Amino acid sequence: MRAAEVITWARSAAARLLLNAGVSANAMTVLGLLGTVAGAVGFAARGQLLIATAIVTAGSLCDALDGMMARLSGGGTRFGALLDSASDRIGDGVIFASLAFWPAGSGRPRAAAALCCLVAAYLVSYVRARAEGLGVSGEIGIAHRYLRLKIAGVGALLGGLGLIWALEVTLWVLTALSTITVAQRFVHAQRQFHTSHSMHEG
């Protein structure tokens, strides 16, 4: 038996074991994301890269099982597909943002704030595009693109006037608003998936 076949067999066996224990594919996706976030934010951001790598790797193993679990349980759902792909993007962003925080403590906090803002902003667009690709509307939320640009413009103006702290505050506010918008789009998509499923059953 080749190595690839052994790995596939092991993944399948682990997936069946988890499903039999009552763990869903979506729960495994979330668990993998939480592991990645814990490793990145808790350790990579402080320069403890060996521990961070171990924890993130454990999280990625969970991510490697969710797809198999979805297939074994009947093919998964559209919300599961949205959750899985968005979780991958969130994990990527958190890892790189955390690596930016490590040197940020030496005097570059705005760089880290700007990166977090960028990651959150691209997730807003990504979740909308992925939801629409799965057949539902994704344009909802408190912080659409033009509002974010206006807020960023105000922050840049204040920073240009010498209020650098105001620019940093603006970046963190934008990060928070974008994160809330991502969550709103997830909830909106889930409601539409549920409505669509109910209509098909009816």
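Below are the figures for this structure:
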read-out	value
Any hit, region 63-72, residues being modelled with pLDDT of 85 or more, under 19 Å from residue 190 (Cα atoms) and surrounded by 14 or more Cβ atoms within 10 Å (Cβ to Cβ)	yes
Identity of the residue in region 14-25, surrounded by 11 or more Cβ atoms within 10 Å (Cβ to Cβ) and small (Gly, Ala, Ser), that ends up nearest to the chain's Cα centre (by Cα)	25
Lone unmet requirement of (1) within 19 Å of residue 33 (Cα to Cα); (2) in contact with a Leu (Cβ under 7 Å, 6 or more places away or on another chain) for residue 143	(1)
Pair list, Cβ under 8 Å, 6 or more apart: region 1-26 residue assigned to a helix (DSSP H, G or I), other residue surrounded by fewer than 13 Cβ atoms within 10 Å (Cβ to Cβ)	9/1
In region 113-170, the residues that are small (Gly, Ala, Ser), in a loop (DSSP other than H, G, I, E, B) and either open to solvent by 70 Å² or more (accessible area, probe 1.4 Å) or in contact (Cβ under 8 Å) with a residue 24 or more places away in the chain (or both)	135, 137, 138, 141, 143
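Yes/no per residue for (1) closer than 24 Å to residue 78 by Cα; (2) modelled with pLDDT of 85 or more:
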site	(1), (2)
104	no, no
109	no, no
130	yes, yes
154	no, yes
192	yes, yes
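The values are calculated or read from the model by the stated rules, or taken from the named source; none is laboratory data. The shown structure was predicted, so the numbers you read here are calculated from the model rather than taken from an experiment. Cβ atoms come from the backbone with ideal geometry, glycine included; neighbour counts cover every protein chain shown. With ligands, DNA and RNA removed, areas are computed over all heavy atoms of the protein, side chains included. Shrake-Rupley method; radii C 1.70, N 1.55, O 1.52, S 1.80 Å.
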